[in-house]
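Note sheet for the following structure.
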Amino acid sequence: ATVQILNGTFTEETHEYKNTSGLVRPSTTQILESVGLTDLEGIPGDTLERKRALGDAVHFGTALLDREKFFKGAELDWDTVHQDTVPYILGYEKFEAETGFVPEEVEVSGIHSANGMEYGFTRDRIGRLNGLKHRIVLELKCSYREEKAWKYQLASYERTVQKQENEYIGRVAVQLKPDGGYKVYLYENARDWDVFLWSLCLTYTKIKDGLPWRKD
């Protein structure tokens, strides 16, 4: 289905973000893949599909949990949750309980423009952690190890957040593990945005010159 998002539309089947003029815009993950900062070469297709399906299910389940708990949304029916997904969702519950994380929004998508170049995004969470005075943009991950592209991905999301004057937004990735645990990664290097902006420029150069830019 195609759904309305901030400044455009998103189609799940083709993973396409379009602006209000109907033009396809690259997503953050597509941009990082286009310039080689996310390297999926050599990984069997069935493995990639299985990991994507797991990630989608975990994101869906955790989003339902937060919408029910904080926004009076529909309840998660645990009988419908695949057994492989359960420990990751429980890991997220543990993360919230131990850190006091409170989301202000859940799974928000849109089109953002940087230096006249538009890109699609989906932020997992904006919220607050105990002990931090500032808000954070939070990304959930099911990978078995930290990936270098996470800090650039979060930098791109941080720029899409509507801020008060001079407001600082932290960047946090939460790696959910198959044993029900989790690990938190905090990214603070301001140059991460520069790397993403360079990647965005290079991707748009490929698009302009008719060169392949999508890896999927």
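The values are calculated or read from the model by the stated rules, or taken from the named source; none is laboratory data. Computed from a predicted model, the values in this text were never measured in an experiment. Counting neighbours? That spans all protein chains shown, and the Cβs are built from the backbone with ideal geometry, glycine included.
Points to keep in mind about this one:
- Count of the stretch 162-177 residues which are assigned to a strand (DSSP E or B) and either of a type in the set (D, E, K, R) or under 13 Å from Lys141 (Cα atoms) (or both): 6
- Total residues in the stretch 113-161 satisfying the condition of being within 11 Å of the chain's Cα centre (by Cα) and part of a loop (DSSP other than H, G, I, E, B): the figure is 0.
- Considering residues of the stretch 19-33 that are touching a residue at least 24 places away in the same chain (Cβ under 8 Å) and either assigned to a strand (DSSP E or B) or of a type in the set (D, E, K, R) (or both) only, the residue surrounded by the most Cβ atoms within 10 Å (Cβ to Cβ): Arg25
- Here is the figure for the stretch 180-216: residues that are touching a Pro at 6+ places or on another chain (Cβ under 6 Å) and over 18 Å from Thr28 (Cβ atoms) total 1.
- Of the numbered criteria (1) surrounded by fewer than 18 Cβ atoms within 10 Å (Cβ to Cβ); (2) under 30 Å from Val195 (Cβ atoms); (3) within 18 Å of the chain's Cα centre (by Cα), the one His59 fails is (1).
- Residue match in the stretch 80-103 (condition: in a helix (DSSP H, G or I) and at pLDDT below 95): yes
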